1. Expressed as a whole percentage, what fraction of the accessible surface of the chain belongs to carbon and sulfur atoms when a 1.4 Å probe is rolled over the protein heavy atoms?
2. Take each of the peptides 33-39, 64-70, 104-110, average the number of other beta-carbon atoms within 10 Å over its residues, and list them starting from the highest.
3. Hey, got the Cα dimensions of region 21-144 along the principal axes, in Å, largest first?
4. Once you compute Rg and the Kirkwood Rh from C-alpha atoms, what is the Rg to Rh ratio for the chain?
5. Using the per-residue mean of other Cβ atoms lying within 10 Å as a proxy for protection, in what order, highest first, do the peptides 193-204, 9-20 fall?
6. Just want to confirm a number: the relative contact order over the chain, from Cα pairs under 8 angstrom separated by 6+ residues, in percent.
7. Using Cα-Cα distances under 8 Å and only pairs 6 or more residues apart, what relative contact order does region 38-190 have, in percent?
8. For Val131, what is the net charge nearby, where nearby means another residue's Cβ is under 13 Å from its Cβ and Lys, Arg count +1, Asp, Glu -1?
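The values are calculated or read from the model by the stated rules, or taken from the named source; none is laboratory data. Quick caveat, the model's predicted, so the values are computed rather than measured. Note: ideal-geometry Cβ built from the backbone for every residue, glycine included; neighbour counts use all protein chains shown. The area values use the complete protein model at the heavy-atom level, side chains included, leaving out ligands, DNA and RNA. Shrake-Rupley method; radii C 1.70, N 1.55, O 1.52, S 1.80 Å.
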Amino acid sequence: MTTGVPSGSIDKALTVLEALAEHSRLTDIATASGLPKSTVHRILQSLIGWGFALVDGNGGYLPGPRILTLAGRVMSRFDPAQHARAALRDLRDRTGMTVHFAIRGGDEIVYVDKIEGRRPYQMKSRVGMAVPLHTTAIGKAVLAHLDDAEIAAIVERTGLSAVTPRSIADPAVLREQLAAALTAGYAVDDGENDVEIRCIGAAVFDHTGNVLGGVSISALSFELDLTSAALIAEVTGAAHAVSLALGAPPARLSDVG
């Protein structure tokens, strides 16, 4: 995304293409791109020739089929963990704790990346492991961004089965925690998936603006202060960076927390 008025020909074409994603009228595209209508019209004709734009039959323009073809090819090779790796490594380096990146899979989260902390021990978790949504910081961060009906369905299907004596098994308590997580922008796990482990997690969003999964830090309970403003800021900042790396709309992220 460019800032200010684009100057180069490639910048101008990309700015028009980006504006085309949200506008159809020539005047609106020109306003959004900051370019003269004559320039926008000329670029649109080139985009039509390449299949990246279409005339809609009502005097406006639409994104063309070439965009869908290109997007399909890109997504077939898209690896969220690879795009998230830099932010995850930075989070580990800044906190020294084990970092997880997990994606929702039904009523569970699945770890897709893990970077061990700088501690003389290792977590039992592993890439590919699936754990319940309601017993993890990442899972609760994900649940906080689902609607009430979907949360109710998950509660009914899972029965909120306990993994440890500290797991949240009461739907009312879970909903209180989810409401707090939605407001604060992060969730915690206080020995709920492993009685000796604490975690702080925040949600990650995909290119559609929907919640995809989350990022967390984990450590032995006596090493991780769940109220530490510094650690919370590190986790939420990393989740924000991962979301941007996955193409999440910035406007969606401004609503988080």
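1. On the way: 7250 of 13080 Å².
In the chain, the share of accessible area belonging to carbon and sulfur is 55 percent.
2. On the way: 33-39: 15.7, 64-70: 14.1, 104-110: 17.7.
Result, highest mean first: 104-110, 33-39, 64-70.
3. Taking max minus min along each principal axis of the Cα atoms, region 21-144 gives 64, 31, 27 Å.
4. Working: Rg = 21.9 Å, Rh = 20.2 Å.
Rg/Rh: 1.09.
5. Numbers: 193-204: 24.2, 9-20: 18.2.
So the peptides 193-204, 9-20, ranked by packing, come out 193-204, 9-20.
6. Details: 429 pairs, mean separation 37.8, N = 257.
15 percent.
7. Working: 169 pairs, mean separation 20.5, N = 153.
For region 38-190, the relative contact order is 13 percent.
8. Working: positive: Arg104, Lys114, Lys124, Arg126, Lys140; negative: Asp107, Glu108, Asp189, Glu192, Asp194.
Neighbour charge sum, excluding Val131 itself: 0.
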